[in-house]
Amino acid sequence: MVRYVYDFAEGDRSMAGLLGGKGANLAEMTRLGLPVPPGFTVTTEACRVFLDTGGEPPGLWREVSGRLAALESAAGRRLGQPEDPLLLSVRSGARFSMPGMMETILDIGLDDESVHGLAEVSGDERFAWDSYRRLVQMFGSTVMGVDSAHFERALAALKEARGAPDDVHLDAGDLARLVGTFKELIRGEAGEPFPQSPTEQLRRAVRAVFASWNGERARLYRRRERIPDDLGTAVNVQRMVFGNLGSDSGSGVAFTRDPATGRAGLYGDYLPVAQGEDVVAGIRNTVPLTELERLDPTSYARLRGHMDTLERHYRDLCDIEFTIERGTLWMLQTRVGKRTADAAFVIAAQLAEEGLITSDEALTRVCGDQLARLMFPRFDTSAASDPLAAGLPASPGAAVGAAVFDSAEAVRRAAAGEKVVLVRQETTPDDLPGMIAAQAVLTSRGGKTSHAAVVARGMGKVCVCGAEELAVDAEERRFTAPDGTVVEEGMIVSVDGSIGAVYAGPVPLRDSAVIRFLENGSADGGAPGLIDAVAHALARADTVRRLEVRANADTPEDAARARRFGARGIGLCRTEHMFLGERRRLVEAMILAGDATGRDKALGALLPLQRQDFIGIFEAMDGLPVTIRLIDPPLHEFLPDRTGLAVRIAAAEARGAAPDSHDTELLDAVNRMHEENPMLGLRGVRLGLIVPGLVAMQVRAIAEAFAQRTKAGGSPEAEIMVPLVGAVEELRIEREEVERVLAEVSQESGVPVRCPVGTMIELPRAALTAGRIAEEAEFFSFGTNDLTQTTWGFSRDDVEAAFFSAYLDKGIFAASPFETIDREGVGRLVRIAVEEGRAARPDLKIGVCGEHGGDPDSVHFFHTAGLDYVSCSPFRVPVARLEAGRAAL
Ligand code: PEP
Ligand code: MG
């Protein structure tokens with residue numbers, strides 16, 4: 001029989017799929033003998049049944065009642081008993097952490113009678129009414145659907161009437177009255193009273209947590225984090241412990257190492273006389289954990305011990321939530337903690353050095369996206385004025401944007417293409433859309449473990465939090481700095497999440513320490529230990545990876561940079577990029593040439609220019625392969641715009657003047673060459689076969705550059721690549737031409753010019769006939785941009801802006817197939833081509849040079865598909881090296 005409920009003592013951390021991350025880790029802590037308040041977990045499977053059918057699975061409440069009875073008898077108290085009632089927390093917990101995105105309901109079990117019992121047994125009447133107030137408020141908004149603003153307004157009105165600056169100044173009588181007001185509110189808004197039956201409270205709370213899986217912000221978060229929609233959440237029901245029971249109580253959040261920089265040593269925030277949600281909500285400013293050592297040395301020492309146990313057990317950075325109830329420490333949650341990119345590298349290296357993990361495991365603990373983040377520029381503070389304010393460096397990086405004061409405005413402006421910084425006193429889960437839209441998040445309250453900090457870190461977004469000196473006035477849409485500077489909505493601010501500073505106006509950017517290291521080996525700057533950690537990870541990746549990494553580059557400068565970044569050659573040199581700028585005129589002349597003589601003249605002018613380009617590139621990549629692709633795009637891309645020309649001619653005629661003869665000639669050519677679907681028209685190999693002399697000129701330029709470099713003592717290695725081949729015959733004819741010219745130049749120069757000739761695989765037909773094509777090709781390179789375009793029938797220039805966000809919303813795919821390889825479709829063609837190509841020619845070299853070559857997930861696919869190399873833009877080269885290493889583990 002299927003079970004839907006597990007006691008904490010029955011599970012372990014391997015059961016996260018069933019018990020959710022929180023439930024599995026609570027079970028693991030219970031197993032380790034750590035002080036976890038007892039409780040049980042309702043499984044994700046029960047949630048899935050609920051989401052599918054709209055009702056909980058049959059028998060669920062019977063199981064819950066059984067567990068509850070056990071909990072009650074162990075506690076010696078019953079839920080809802082009038083004197084000394086047992087109270088419960090009901091918390092969500094999915095397989096993957098979704099901080100603050102789903103519901104939590106605390107203090108379940110209080111009613112009009114048991115609130116008095118709680119007051120009596122705790123000896124604290126204010127505490128009892130405050131707990132009841134919290135329950136009615138949370139239950140009213142999350143379970144009964146009453147707008148939370150109603151409760152907040154009632155609370156604010158009461159504080160104002162009582163002249164109380166915050167909740168702590170409201171006494172038991174005030175809070176009891178507030179409970180009355182809240183209950184009235186619920187009756188009015190929800191049309192039914194707040195339930196007085198604790199079991200009804202429990203059931204409805206569990207259902208509300210299930211339903212919150214499909215809440216708007218949870219769905220948005222999942223889409224952003226690529227968490228599948230069908231997992232469901234578990235529900236953890238646990239005995240309440242109280243951090244708000246007086247000065248020897250409190251709640252906190254702690255990390256075994258600093259999640260922002262990776263620095264070793266216990267780290268966190270503590271809030272005396274508070275419940276856990278007060279810490280995360282950033283409502284009051286917390287004190288550093290070291291303060292707890294002074295306040296309660298015994299609990300602090302225990303906490304240290306438990307955290308040490310956890311880190312050694314999980315062999316990774318752990319974060320925890322804890323509560324101290326009248327001097328007794330309770331562990332409420334743990335998990336392997338989220339961290340910044342800087343911290344990920346530093347911690348992985350530290351743990352390896354401490355012998356807790358191997359170097360290979362250290363490599364699995366970091367990823368290409370994190371490395372890419374470390375390569376982003378940082379602020380050049382030497383060029384900045386003094387900061388407006390300091391805050392906590394919660395999530396590193398540099399961001400510049402217009403200050404906005406609510407989530408909706410952030411979304412609106414970002415959609416219009418503006419860069420924005422979301423400024424709030426503190427964020428709540430409702431701010432998620434704005435946080436996603438913003439370049440950075442800035443808050444005036446809350447610690448490094450506040451909602452803003454946790455979510456921003458998870459998203460890799462710049463964040464400074466707890467900038468207390470800033471007076472943020474969301475109503476007036478501005479903030480004021482201590483020096484009196486007022487920043488109104490729309491004014492530019494710069495936010496440095498690495499040091500926790502906010503500047504007025506834009507601050508110039510400079511290269512990050514990691515880029516400087518990758519570029520020239522400089523080990524200066526960055527978080528302590530960061531450069532060493534990055535160097536270690538890359539060195540390990542280079543040792544274990546099977547995939548070679550090349551770069552897409554078409555200038556000597558790019559080639560040289562790519563080489564410094566670790567590229568072992570060029571996988572794609574797009575020669576048409578050499579026809580831009582001034583040279584466009586020469587291409588134009590070639591297209592317009594009326595006869596062979598004119599055409600040869602134009603091509604003759606292009607030849608020395610191309611040769612010079614290749615000499616520079618061969619020099620930069622001396623001794624490494626350079627794959628040069630013959631011209632690919634439709635020729636009219638080199639001609640002026642048709643409408644512009646037509647307008648110019650019409651304007652001249654309207655003035656009664658004769659149109660410029662060059663213009664009319666050009667317009668004729670443009671009209672002649674116009675294609676409705678140019679990407680499926682005269683381009684790629686087709687150009688070489690149709691336009692005389694073009695390929696010969698390019699090959700001659702390559703071969704002469706090769707000969708010249710060889711004579712100069714260099715070791716050029718050129719590979720000639722033919723684009724957009726669909727049939728072996730196309731390649732055969734083109735190849736004959738290529739070899740004819742290579743032989744000619746060899747003869748003329750006296751240098752044997754030997755260049756392998758291969759093809760791109762970027763049409764489904766090429767993939768499906770790869771065995772034939774391999775008879776003529778010495779290498780393949782998958783052009784996955786075109787292969788994706790032609791496999792899906794998606795125009796790569798149009799669809800992403802036109803409708804991809806709708807496709808992502810509808811779940812047709814989880815990521816754009818132009819960014820991450822579509823394994824099922826395009827990937828299948830890749831596998832077929834690899835298999836059939838190698839069957840025909842066992843030594844066939846195979847790579848990929850579409851954008852996917854630098855995408856982490858795709859790199860893993862290319863590894864398993866058996867490719868020899870990936871080629872990507874120079875800045876992605878370190879990312880690809882790292883991911884190729886991770887793929888090999
Ligand atoms: C490709 O199609 O993947 C490719 C690399 O060529 P281009 O992007 O130049 O069409
Ligand atoms: Mg292409």
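Each value in this text was obtained by applying a stated rule to the coordinates, not by laboratory testing. Being a predicted model, the structure only gives us computed values, none of them experimental. Ideal geometry is used to build each Cβ from the backbone, glycine not excepted, and the neighbour counts take in all protein chains shown.
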Once both labels are modelled 7 Å past Cα along the beta-carbon direction, what's the Glu729-Asp7 spacing in nm?
7.8 nm
From the C-alpha gyration tensor of segment 432-577, pull out the three semi-axes of the equivalent ellipsoid (sqrt of 5λ each), sorted largest to smallest, in whole Å.
39, 19, 15
Sparse-neighbourhood loop hits (chymotrypsin sites (Phe, Trp or Tyr not before Pro), segment 533-614; DSSP loop; Cβ within 10 Å at most 12 others) -> none
Alpha carbon centre of segment 66-110 versus segment 465-488: separation in Å?
40 Å
Computed over segment 187-344, Cα set: Rg, Dmax in Å:
18.3, 54
Return the calculated 222 nm mean residue ellipticity for the chain, to the nearest 500 deg cm²/dmol, obtained by summing -39500 (n - 2.57) across DSSP H runs with n ≥ 4 and dividing by the residue count.
-13500 deg cm²/dmol
Cα Rg, Dmax (largest Cα-Cα span) when computed across segment 250-336, Å:
11.9, 33
Please compute, over every Cα-Cα pair in the chain, the percentage with a separation greater than 49 angstrom.
34 percent
Residue order, fewest to most surrounding Cβ atoms within 10 angstrom, among Met679, Met1, Met697:
Met1, Met679, Met697
Order by neighbour count: Arg772, Arg153, fewest other Cβ atoms within 10 Å first, most last.
Arg153, Arg772
Which cross-chain or sequence-distant (5 or more) residues have an amide H under 5 Å from the amide H of Arg335, H modelled 1.01 Å from N in plane?
Asp319
I want the local charge near Glu548. Using Cβ-Cβ distances under 14 Å, sum +1 for each Lys or Arg and -1 for each Asp or Glu among the other residues.
+2
For segment 127-263, go through all pairs of different Cα atoms, get the mean of 1/r, take its inverse, and jot down that Kirkwood value in Å.
17.7 Å
Take the Cα of Glu418, step 7 Å along the line toward its Cβ, and report every residue of segment 388-402 whose backbone nitrogen sits under 18 Å from that point.
399-402
Quick one: what does P(r) look like for segment 1-115 with 5 Å bins over all Cα pairs, in whole %?
2, 11, 18, 22, 22, 14, 8, 2, 0
What's the whole-number percent of alpha carbon pairs in segment 544-683 lying beyond 22 angstrom?
53 percent
Against the longest principal axis of the chain, how steep is helix 728-749, in degrees 0 to 90 to the nearest 10, with axes from Cα atoms?
60 degrees
GluC sites (Glu not before Pro) within segment 641-748, DSSP loop, no more than 10 other Cβ atoms inside 10 Å:
Glu676
Euclidean distance between Cα centres, segment 367-406 to segment 629-664, Å:
46 Å
By what distance, in whole Å, do the Cα atoms of segment 495-613 stretch along each of the three principal axes, largest value first?
67, 47, 18
Given 25 °C, 0.890 mPa s and a Kirkwood radius over Cα pairs, the Stokes-Einstein diffusion coefficient of segment 378-510 in µm²/s is 177 µm²/s
Quick calc: nm separation of the 7 Å Cα→Cβ label points for Arg312 and Asp171 -> 5.1 nm
16 Å tail of the calculated P(r), segment 643-742, as % of Cα pairs:
69 percent
Would you mind getting me the FRET efficiency between Glu736 and Glu835? Use the beta-carbon distance for r and R0 = 41 Å, nearest 0.05.
0.90
Rank the residues Ser871, Ser247 as a footprinting-exposure proxy: fewest other Cβ atoms within 10 Å of their Cβ go first.
Ser247, Ser871
Given backbone amide H placed at 1.01 Å from N, residues whose amide H is under 5 Å from that of Phe782, ignoring those fewer than 5 places away on the same chain, are Ile761, Gly847, Val848, Cys849
Between Ala149 and Leu220, what FRET efficiency follows from the Cβ-Cβ distance if R0 is 22 Å, with the result rounded to 0.05?
0.60
With only alpha-carbon pairs counted, each pair once and no self-pairs, how large is the Kirkwood hydrodynamic radius of segment 749-872 in angstroms?
15.1 Å
Segment 659-765: which trypsin sites (Lys or Arg not before Pro) are DSSP loop and have at most 15 other beta-carbon atoms within 10 angstrom?
Arg754
Filter Lys22/Lys183; Lys159/Lys448; Lys22/Lys448; Lys338/Lys461 down to the pairs with a C-alpha to C-alpha distance above 24 Å, please.
Lys22/Lys183; Lys159/Lys448
Expressed in nanometres to one decimal, the distance between label points 7 Å along Cα→Cβ at Leu689 and His577 is 2.8 nm
